[in-house]
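Below: one structure, written as structure tokens.
Rule-based calculations on the coordinates, nothing more; no lab input. Just so you know, these numbers come straight off a predicted model, no measurement behind them. Note: ideal-geometry Cβ built from the backbone for every residue, glycine included; neighbour counts use all protein chains shown.
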Amino acid sequence: MQTKSKRIIAIANQKGGVGKTTTAINLAAGLAKKGNKTLLIDIDPQGNASTGLGVLPEDRDQTVYDVLVDQKPVKDAIIPTSINNLSLLASNTDLSSADVELMSDKGRLLRLRSSLADLSDYKYVFIDCPPSLNLLTLNAFAASDSVLVPLQSEFFALEGLSQLMLTVKELRQTLGSTLFIDGVVLTMFDRRNKLSQQVELDVRENLGDLVYDAIIPRSVRLSEAPSYGESVFQYDAAGKGAAAYLALASEFLKRDKSRSK
Ligand code: ADP
Ligand code: MG
């Protein structure tokens, strides 16, 4: 259904505040910076990825709601961002009623997948999911080739991951898709903190190669950037957050290339 040339990756974890949106913005921006035409789809009604890329609510003429619920053409709803090679399909609070509005549609799981089927201009499409395994996240999964999971470097990091993996497996069976877990990224890592180090050991021991070598450090700059509507590459290009997300982008590309061989 999807053309070979584009890859769609859902960024998901049903826990809130683990770094999904920060990773969506900065990984997408990192790949764009490396010359790949990239689209970020914000499918969280909170619209944090849209705001974080500097697109104010009043500038979101059409959003993912129009695409998902009213089945407007996705091309008409995509907007450019201040970053070269990076476009956005924005979200807003309208989206919070989408699950209720789509309830009676038997094909409700596949809405996003069919909307994206003809989209051919992009190499990478990232979908920033809400903190729940709800219909919006399931639409993202159904449309995706893989799922990237940010894990916060704290004690309960792995909690909920088995539920997410089960959901992926079930979807694969129901849809006959080949959805897979692309990888797991440790976020908000504090090198001086024993707990962070312990969590890393634990996560690597449990998940092995699924875990990216690149680790995202805790950085005030990373948390400040979205309030200026900027990626970390614009806000603090020389800082450790930018270096970490660039390393993640390189590793992501390396994995993607070795898989497509
Ligand atoms: P999610 O999308 O999973 O809810 P966010 O990316 O919005 O998570 O991150 C939650 C909060 O933590 C935000 O305030 C964000 O700015 C902050 N944050 C995310 N990653 C980092 C980091 N590496 N260092 C410091 N703060 C971070
Ligand atoms: Mg978020």
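Taking only Cα atoms and a 10 Å spring cutoff, compute GNM fluctuations for the chain and point out the largest among 191, 60, 221.
191
Please state, rounded to one decimal and in Å, the Kirkwood hydrodynamic radius that the chain gives when every pair of distinct Cα atoms enters the mean of 1/r. It would help to have the intermediate numbers written out before the result.
Values: mean 1/r = 0.0548 Å⁻¹.
This gives a value of 18.2 Å.
Under unit Cβ charges (Lys, Arg +1; Asp, Glu -1), what dipole magnitude, rounded to 20 debye, does the chain have relative to its Cα centre? Show your work: numbers first, answer last.
Working: 30 positive and 31 negative charges, 211 e Å.
Charge dipole of the chain: 1020 debye, to the nearest 20.
So for the pair residue 72, residue 154, with labels modelled 7 Å out along Cα→Cβ, what separation do we get in nm?
3.7
In percent, what relative contact order does the chain have, based on Cα pairs under 8 Å that are 6 or more apart in sequence? Write out the running numbers ahead of the final one.
Details: 510 pairs, mean separation 65.6, N = 261.
Relative contact order for the chain comes out at 25 percent.
Semi-axes, largest first, in whole Å: what does sqrt of 5 times each Cα gyration tensor eigenvalue give for region 140-261? Please list the in-between numbers first.
Numbers: eigenvalues 138, 70, 39 Å².
Equivalent ellipsoid semi-axes, largest first: 26, 19, 14 Å.
Could you put 255, 218 in order, starting from the residue whose Cβ has the fewest other Cβ atoms within 10 Å?
Values: 255 15, 218 19.
The order, fewest Cβ neighbours first, is 255, 218.
Rank 35, 183, 241 by mean-square fluctuation in a GNM of the chain with C-alpha springs under 10 angstrom and give only the top-ranked residue.
Result for the chain, Cα springs under 10 Å: 35 fluctuates most.
Write down the percent of antiparallel bridges among all DSSP beta bridges whose residues are both part of the chain, to the nearest 5.
Working: 3 of 29 bridges.
The answer is about 10 percent antiparallel.
By counting other Cβ atoms within 10 Å of each Cβ, how are 195, 119, 246, 39 ranked from fewest to most?
On the way: 195 11, 119 18, 246 21, 39 25.
Listed from fewest to most nearby Cβ atoms, that is 195, 119, 246, 39.
Which of 33, 75, 194 ends up with the largest GNM mean-square fluctuation for the chain, with Cα atoms connected below 10 Å?
Result: 194 has the largest fluctuation of those listed.
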